[in-house]
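The values are calculated or read from the model by the stated rules, or taken from the named source; none is laboratory data. None of the values given here were measured: they were computed from a predicted structure. When we count neighbours, we look across all protein chains shown, and the Cβ atoms used for this are built from the backbone with ideal geometry, even at glycine. Ligands, DNA and RNA are stripped out before the accessible areas are found, and what is left, the full protein with its side chains, is counted by its heavy atoms. Shrake-Rupley method; radii C 1.70, N 1.55, O 1.52, S 1.80 Å.
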Amino acid sequence: MTTLIDRLRKRAEEDLACAANNDAVADALKPQMDLFNRRGGHNTYAVRMFLDHHNGATRDRQYAADLLQAIKLLETTP
């Protein structure tokens with residue numbers, strides 16, 4: 001069981017790292033998203049990339065939360 005828990009914990013850490021990377025990319029592209037929201041000139045590709053990375057960060061954090069919840073359940077199962 002410990003090996004499985006270790007693998008799940010490692011995967012959760014990887015998902016959190018991916019979320020942090022996606023956040024960094026989204027932060028860099030946010031000015032283009034702000035232009036889009038104000039109906040100003042914007043780079044369509046940058047807006048699409050912002051949305052992809054923003055949504056990816058949300059997804060990766062949820063994956064990590066699910067894995068950490070599974071670990072807690074496994075650790076408390078007799």
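Structure above, values below:
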read-out	value
The stretch 60-78 residues that are more than 14 Å from Thr2 (Cβ to Cβ), paired with ones that are open to solvent by 80 Å² or more (accessible area, probe 1.4 Å) and among the acidic types (Asp, Glu) (beta carbon under 9 Å, 6 or more apart)	Ala64/Glu13
Test: Leu8 is in contact (Cβ under 8 Å) with a residue 60 or more places away in the chain, closer than 26 Å to Leu67 by Cβ and exposed (fewer than 12 other Cβ atoms within 10 Å of the Cβ)	no
Cross-chain or 6+ apart pairs with Cβ under 7 Å, the stretch 36-59 first and within 19 Å of Asp23 (Cα to Cα), then among the aromatic types (Phe, Trp, Tyr) and part of a helix (DSSP H, G or I)	Val47/Phe36
Residue list for the stretch 31-70, filter: open to solvent by 80 Å² or more (accessible area, probe 1.4 Å) and part of a helix (DSSP H, G or I)	Asn37, Thr44, Tyr45, Arg48, Asp52, His54, Asn55, Arg59, Arg61, Gln62, Tyr63, Gln69
